[in-house]
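The values are calculated or read from the model by the stated rules, or taken from the named source; none is laboratory data. Because the structure is predicted, anything quoted here is derived from the model rather than measured. We place every Cβ from the backbone using ideal geometry, glycine too, and count neighbours over all the protein chains shown.
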Amino acid sequence: MKSNTLTIIKKEFARFFGDRQLVFTAVIMPGLLIYLIYSLMGTGINSMISDSENQQMTLQVENMPESMSTMLLAHNVPPMCKVVTGAFSDDDIKKLEDKELNTLLIRFPANFDQQVEDYYSLESESIPNIEIYYNSANMASNMVYDRLCDEIMSFERGYQINESGAEQPTKKYDVATDSIDSMIWSKILPMLIVMLLFSGVMAIAPSAIAGEKERGTIATLLVTPMRRNELALGKIVSLSCIALLSGTSSFIGIALSLPNMIQTEGAELGLDYTVNDYMALMFIIFATVLIMASAVSLLSALAKDVKNAGTMITPFMLVVMVAGLLPLMQDGATESLASYAIPFYNSIETFTAIFAHKLQWSAVLITVASNVVYTGVAVWGLTKMFNSEKVMFSK
Amino acid sequence: MEEILRAEGLCKTFTLSRKQQKIERTAEKRKTAVDHLSFSAYKGEIFGLLGPNGAGKTTTLRMLSTLIRPDEGDAILDGCSVVNQSEEVRSKIGFLTSELKLEDFFTPNYLFDFFSHLHGVEETTTRERKERMFSRFGIDKFAEVKVANLSTGMKQKLSLVISLVHDPEIIIFDEPTNGLDVLTARTVTDYLQELRDEGKTIILSTHIFSLVERLCDRVGIIIDGRMIVCGTLDEVCNGMSLEDRFFEIYKEQKGGDE
């Protein structure tokens with residue numbers, strides 16, 4: 001790297017690290033706040049869940065079928081429920097509506113098992129109907145209802161497979177559970193990471209370029225013999241490094257608070273990633289920060305002052321947010337390698353693939369290479385802007 | 001006399017915004033700030049550009065310092081063209097104007113080292129030069145104080161020192177005593193004379209007649225972006241005081257209606 005570029009990087013670092021308030025605001029505070037907020041949220045949620053679990057519920061079953069009694073009584077599902085059998089009236093349902101009854105009511109048809117047999121042996125087209133009455137405003141009632149539905153669906157699925165002579169698919173079911181965990185992470189984390197990295201860039205870039213224009217200090221740099229491209233490169237690299245620190249702080253905050261956030265019984269994080277995954281993640285984070293710092297630097301250079309830069313960057317931030325939401329709307333990362341050359345989208349897609357345990361090194365390479373090329377283009381653009389008297393000195 | 005600066009037919013036109021059109025009370029969308037301006041400066045002299053506000057003095061100096069590019073014409077400074085060799089020009093000049101500011105966050109010590117580095121000055125030279133100049137301007141006592149906490153006069157002196165970190169042959173100062181108290185102004189003008197005695201060439205813009213009379217070897221009067229008259233003080237004044245001569249020229253140019 002050229003000597004003047006290094007001088008600019010050193011100056012930006014000295015400016016940043018010399019300002020304790022700025023370091024606290026941009027690096028320490030994001031991670032600390034995320035940790036505290038997520039941990040408090042986790043504690044709050046877990047306390048609510050724990051309260052619900054301690055609440056004694058009664059599950060009243062009318063016409064308890066033999067096929068279901070094992071599941072409902074012997075397995076004691078759901079665990080926090082006392083299960084009683086017996087008919088219930090419309091008055092009981094009304095009491096439930098009026099929140100007077102801490103009970104779930106479930107009514108099976110009188111000959112439920114026979115109806116099921118008839119339905120699956122195609123002797124009848126009538127589907128056996130189960131009525132469940134619960135209070136959706138009560139968390140404990142909701143939880144029992146969800147567990148009950150899961151068990152009934154599981155019973156139904158098992159019944160279908162048994163009928164067709166296949167083996168009980170216990171293993172397959174477990175594997176699917178792992179995939180679901182990874183899938184959830186691959187949908188949530190890309191947006192989270194991108195937003196954190198972007199907020200890191202936003203915390204410093206407008207002040208470093210638009211701020212210098214506003215304060216008149218950029219002109220002092222422009223009358224030195226330093227080449228404009230050295231200045232542009234120095235600015236982008238230093239901003240990327242500082243933004244990376246800010247992003248790292250946020251990431252540490254999330255990582256430390258996740259165990260507090262997800263303390264639900266038996267929850268598995270699905271975060272068993274390999275060294276390769278982490279390496280790819282590091283490359284992509286760096287490439288993403290580079291392209292973000294480049295784009296924000298270009299917009300900041302166009303702006304007249306820091307306030308104007310904030311206004312100009314907002315629409316761009318919305319685009320990044322929408323890109324971050326894409327994994328929620330699609331089923332896994334794209335397989336088209338050409339798509340990994342589209343800035344921002346490529347980062348989101350690669351993050352999605354990594355978190356879904358579907359790392360493709362070719363996609364990582366294309367993402368990193370294309371982002372480096374775009375950064376080069378941004379350095380060229382920023383150089384042009386530093387050379388343009390209209391951009392630098394317009395009032 | 002060795003010619004060290006030659007401006008030939010410099011032109012610069014700006015597009016006016018609606019706001020500027022209102023301020024200037026004109027419907028014209030473009031304004032010619034500098035109109036085919038030519039002059040020369042020689043080694044070891046102080047050359048003054050004299051003119052009213054808006055005459056084009058600052059624009060001319062900004063073109064000479066390569067902050068802006070001429071629409072037409074060129075200027076050669078110590079053999080380098082402002083149009084084609086802007087980096088080389090910047091390494092040969094020291095430029096000071098009120099629009100150039102120093103980062104409030106840093107100390108004079110840090111800024112001197114930083115700008116010396118950007119100018120490619122060796123470390124030992126930087127140390128010696130810093131000691132000498134800080135002592136000369138009384139900055140040594142404030143070397144570790146952040147710029148934000150310095151007085152206006154001290155900031156001005158620091159800006160002057162920073163513009164000269166690389167000991168340039170040509171020094172371009174836009175209104176060098178503007179906004180300075182009498183003591184600081186005197187320090188600056190004394191130093192400009194010292195620099196001239198060392199053989200440096202100084203180009204300065206001003207609208208203060210006494211300053212030109214006291215400092216400048218030669219003067220150019222600019223009105224409406226054009227160089228009306230240029231020469232030694234005796235040649236320009238033609239036996240009159242500079243102030244009287246200036247208003248005579250001004251009336252001639254404006255048709256006696258101002």
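Hey, does segment A:360-380 have a residue that's within 14 Å of another protein chain (Cβ to nearest Cβ) and either polar (S, T, N, Q) or out of contact with any strand residue (DSSP E or B) (no Cβ under 7 Å at 6 or more places or on another chain) (or both)? For segment A:360-380, residues within 14 Å of another protein chain (Cβ to nearest Cβ) and either polar (S, T, N, Q) or out of contact with any strand residue (DSSP E or B) (no Cβ under 7 Å at 6 or more places or on another chain) (or both): absent. The set of residues in segment A:222-247 that are within 8 Å of chain B (Cβ to nearest Cβ), of a type in the set (A, V, I, L, M, F, W, C) and in contact (Cβ under 8 Å) with a residue 40 or more places away in the chain comprises A:Leu222, A:Met226. Looking only at residues in segment A:1-23 that are facing chain B (nearest Cβ under 9 Å) and in contact with a Leu (Cβ under 7 Å, 6 or more places away or on another chain), which one is farthest from A:Ser249 (Cα to Cα)? Out of the qualifying residues, it is A:Asn4. Note on segment B:82-117: among residues that are of a type in the set (Val, Ile, Thr), in a loop (DSSP other than H, G, I, E, B) and under 18 Å from B:Ile162 (Cα atoms), the one that is nearest to the other protein chains (Cβ to nearest Cβ) is B:Thr97. Against the numbered list (1) touching a residue at least 12 places away in the same chain (Cβ under 8 Å); (2) more than 24 Å from B:Leu5 (Cβ to Cβ); (3) touching a Ser or Thr at 6+ places or on another chain (Cβ under 9 Å), B:Leu215 comes up short only at (2). Considering (1) surrounded by fewer than 22 Cβ atoms within 10 Å (Cβ to Cβ); (2) in a loop (DSSP other than H, G, I, E, B), the lone condition that B:Pro176 does not fulfil carries the number (1). Residue check: B:Ile162 meets all listed conditions (1) at pLDDT 90 or above; (2) within 14 Å of the chain's Cα centre (by Cα); (3) in a helix (DSSP H, G or I) but one, namely (2). Taking every residue in segment A:350-364 that is assigned to a loop (DSSP other than H, G, I, E, B) and pairing it with any residue that is modelled with pLDDT of 80 or more, at least 6 positions away or on another chain, the pairs with Cβ-Cβ distances below 8 Å are A:His357/A:Asp277; A:Leu359/A:Asn276; A:Leu359/A:Asp277; A:Leu359/A:Ala280; A:Leu359/A:Ala353; A:Gln360/A:Ala353.
Restricting B:Gly73, B:Gly153, B:Gly79, B:Gly138 to residues that are more than 14 Å from every other protein chain (Cβ to nearest Cβ) and in contact with a Cys (Cβ under 7 Å, 6 or more places away or on another chain) narrows the list to B:Gly73. From the list A:Ala232, A:Ala255, A:Ala243, the lone residue that is in a helix (DSSP H, G or I), assigned by TED's automatic domain parsing to the domain that holds A:Ser297, within 30 Å of B:Ile68 (Cβ to Cβ) and among the small types (Gly, Ala, Ser) is A:Ala232.
Checked against the criterion of being in contact with a helix residue (DSSP H, G or I) (Cβ under 7 Å, 6 or more places away or on another chain), more than 22 Å from A:Ser388 (Cα to Cα), hydrophobic (A, V, I, L, M, F, W, C) and away from chain A (no Cβ under 14 Å), the candidates B:Leu37, B:Leu10, B:Leu5 yield just one match: B:Leu37.
I'd like to know if segment A:18-29 contains one or more residues that are over 25 Å from A:Leu96 (Cα atoms), buried (at least 20 other Cβ atoms within 10 Å of the Cβ) and at pLDDT 80 or above. Yes: segment A:18-29 contains one or more residues that are over 25 Å from A:Leu96 (Cα atoms), buried (at least 20 other Cβ atoms within 10 Å of the Cβ) and at pLDDT 80 or above. Looking across A:Glu156, A:Glu125, one residue alone is of a type in the set (Asp, Glu), part of a loop (DSSP other than H, G, I, E, B) and at pLDDT below 80. It is A:Glu125. Considering (1) outside any helix (DSSP H, G or I); (2) modelled with pLDDT under 85, the lone condition that A:Asp277 does not fulfil carries the number (1). Quick one: in segment B:118-132, of everything that is within 14 Å of chain A (Cβ to nearest Cβ) and over 25 Å from the mean Cα position of the chain (by Cα), which residue is nearest to B:Ile93 (Cα to Cα)? Of everything passing the filter in segment B:118-132, B:Glu122 is nearest to B:Ile93 (Cα to Cα).
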